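Reading through the structure tokens given below for one structure.
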């Protein structure tokens, strides 16, 4: 590798993409806002934040996010709605169980419903923790509902 090509490579790699840096900034804002809220208003404020984030999405993402939100809240009423790295998310006992990454967030071709390790989706030695959602259909809604119920144990 020449010094010139090494310098070019160093210029190309910035560590994080602009979208990733934006997500980290959003997370910092979320943590700061949450620390200022009284405990009794966290769920209501979290819901307001989540709905505002959904409202900002482009139409295709918003349609999916609205349906995912309806399914998650119907099947996991004990979950706390919130935003997490600027994405709609749902927590139990302060731990994010699942989140929706819109397609537009990182320039993907589909939205992703992701589950963190607090979700009880364990199945043998390997299992999926993220699911692509290209469109929302009754079958997709049923699958999301089953995943939420399973994730909560």
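The values are calculated or read from the model by the stated rules, or taken from the named source; none is laboratory data. Values in this document were obtained by computation on a predicted structure and should not be read as measured data. Quick reminder, even Gly has a Cβ in these numbers, built from the backbone with ideal geometry, and neighbours come from all protein chains shown.
Tell me which residues, restricted to segment 11-23, are surrounded by fewer than 12 Cβ atoms within 10 Å (Cβ to Cβ), modelled with pLDDT of 75 or more and part of a helix (DSSP H, G or I).
The answer is 18, and nothing else.
Take residue 74 and tell me if it is surrounded by fewer than 18 Cβ atoms within 10 Å (Cβ to Cβ), part of a helix (DSSP H, G or I) and more than 16 Å from the chain's Cα centre (by Cα).
Answer is yes for this residue.
Please determine whether any residue of segment 22-42 is closer than 24 Å to residue 137 by Cα and more than 13 Å from the chain's Cα centre (by Cα).
So in segment 22-42, the residues closer than 24 Å to residue 137 by Cα come out as none.
The answer is no; no qualifying residue exists.
I need the full set of residues from segment 27-53 which are within 11 Å of residue 86 (Cβ to Cβ), modelled with pLDDT under 80 and in contact with a helix residue (DSSP H, G or I) (Cβ under 9 Å, 6 or more places away or on another chain), in order please.
30 - this is the single residue of segment 27-53 that is within 11 Å of residue 86 (Cβ to Cβ), modelled with pLDDT under 80 and in contact with a helix residue (DSSP H, G or I) (Cβ under 9 Å, 6 or more places away or on another chain).
Restricting attention to segment 94-153, report how many residues are under 17 Å from residue 74 (Cβ atoms), in a helix (DSSP H, G or I) and in contact with a helix residue (DSSP H, G or I) (Cβ under 6 Å, 6 or more places away or on another chain).
5
What pairs come up if the first residue lies in segment 70-85 and is within 10 Å of residue 97 (Cβ to Cβ), the second is modelled with pLDDT under 95 and in a helix (DSSP H, G or I), and their beta carbons are under 8 Å apart, counting only those six or more places apart or on different chains?
Within 8 Å, the pairs are 80/42; 80/43; 80/46.
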